[in-house]
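> So that we are looking at the same thing, I have put the structure below in structure tokens.
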Amino acid sequence: TLEQAIRPVPKVGEGLKLDAALLSQAFHDLSERQHINQLTGAIHAAAWLNKTQGLLQVREDVGRHNALDKLIGSLAKTDTDFNQGWLLVTSRASYEMVQKAASVGITLLAAISAPTALAIRLAEQSGLTLIGFTRGDRHVVYTHPLRLQH
């Protein structure tokens, strides 16, 4: 069964409150930091941001999961407090991305495209704020909207 195949997601902490304007600005800033994608037009990115400094790290890869793995690995090496920042991805939000984010304590994940139904369920269970269709000033908050302030 699906329940047997997917490991339970841990509950995340309280995390931060994010202004919706920062969300819009982040995707604009990210496109400028996607150096490989600027050359190829076919690369995904995962980015780590905080409220005060904005975009701190970006990792790119042809695979969206690889980009996220590279980012989380890089952040773990520097003892990043995953409860004090948020994650931005240039892809859809899959259940695996929600699992990876929650497993290290990330409390907010924003994606440029749609989340899967299973991603939404796991985000709800873990307490993670999941945002999709983040484009310009528009976005859809699927779970735990209290972390996003308008």
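The values are calculated or read from the model by the stated rules, or taken from the named source; none is laboratory data. These numbers were taken from a predicted model, which means no experiment stands behind them. Quick reminder, even Gly has a Cβ in these numbers, built from the backbone with ideal geometry, and neighbours come from all protein chains shown. For the accessible areas, the whole protein counts, side chains as well, though only heavy atoms, and no ligand, DNA or RNA atoms are used. Shrake-Rupley method; radii C 1.70, N 1.55, O 1.52, S 1.80 Å.
> What shape does the stretch 18-86 take by its C-alpha gyration tensor, where a ≥ b ≥ c are the square roots of the eigenvalues and a/c under 1.5 counts as rounded, a/b above b/c as prolate, and the rest as oblate? Walk me through the numbers before you get to the answer.
Working: a/c = 2.34, a/b = 1.19, b/c = 1.96.
Taking the square roots of the gyration eigenvalues as a ≥ b ≥ c, the stretch 18-86 is oblate.
> Could you do me a favour and compute the accessible area per residue for the stretch 1-119, 1.4 Å probe, result in Å²? Don't skip to the end; give the middle numbers.
On the way: 5720 Å² over 119 residues.
Computed with neighbouring chains in place, this is 48 Å² per residue.
> Over the stretch 33-79, calculate the relative contact order: mean separation of alpha carbon pairs under 8 Å at least 6 apart, over the residue count, as a percent.
Values: 58 pairs, mean separation 14.7, N = 47.
Worked out over the stretch 33-79, it gives 31 percent.
> Here's something else I'd like to know. Let me have the 222 nm mean residue ellipticity of the chain computed from DSSP H runs of 4+ only, each contributing -39500 (n - 2.57), with the sum over all residues rounded to the nearest 500. Before the final figure, lay out each step's value.
On the way: 6 runs with 58 residues, N = 150.
Value at 222 nm, helices only, nearest 500: -11000 deg cm²/dmol.
> Which whole-number percent gives the relative contact order of the chain, counting Cα pairs below 8 Å spaced six or more residues apart? Present the calculation step by step, with values, prior to reporting the outcome.
Working: 299 pairs, mean separation 39.7, N = 150.
It rounds to 26 percent for the chain.
> Ignoring ligands, DNA and RNA, please state the percent of accessible area on the stretch 1-68 from carbon and sulfur, probe 1.4 Å.
Numbers: 2120 of 3980 Å².
Carbon and sulfur: 53 percent of the exposed surface of the stretch 1-68.
> Rank Leu109, Thr90, Asn66 by how far each Cα sits towards the positive end of the charge dipole of the stretch 18-114 (+1 on Lys, Arg Cβ; -1 on Asp, Glu Cβ) and give me just the farthest.
The Cα lying farthest towards the positive end belongs to Asn66.
> Ok, one more. What GluC sites (Glu not before Pro) in the stretch 1-76 are in a loop by DSSP, with at most 15 other Cβ atoms within 10 Å of the Cβ?
Working: sites: Glu3, Glu14, Glu32, Glu60; in loops: Glu14.
Sparse-neighbourhood loop GluC sites (Glu not before Pro): Glu14.
> Using a 1.4 Å probe on the protein heavy atoms only, what accessible surface does Leu22 show? Give it in Å² to the nearest 10.
Approximately 70 Å² of Leu22 is accessible to the 1.4 Å probe.
> Output the antiparallel fraction of DSSP beta bridges having both residues in the stretch 79-146, as a percent to the nearest 5.
DSSP beta bridges in the stretch 79-146 are roughly 35 percent antiparallel.
> Taking 0.36 nm per residue of sequence separation and subtracting the Cα-Cα distance, how much length would be gained by fully extending the chain between Ala114 and Lys77, in nm to one decimal?
Numbers: separation 37, 0.36 × 37 = 13.32 nm, distance 2.98 nm.
This chain segment gains 10.3 nm when fully extended.
> How many angstrom separate the Cα center of the stretch 1-35 from the Cα center of the stretch 68-120?
5 Å
> Would you mind working out the magnitude of the charge dipole of the chain relative to its Cα centre, with +1 at each Lys and Arg C-beta and -1 at each Asp and Glu C-beta, to the nearest 20 Debye?
On the way: 15 positive and 13 negative charges, 27 e Å.
Approximately 140 debye in magnitude.
> Restricting to the chain, what percent of DSSP beta bridges are antiparallel, rounded to 5? Intermediate values should be presented prior to the final figure.
Working: 15 of 24 bridges.
Taking every DSSP beta bridge within the chain, about 60 percent pair in antiparallel fashion.
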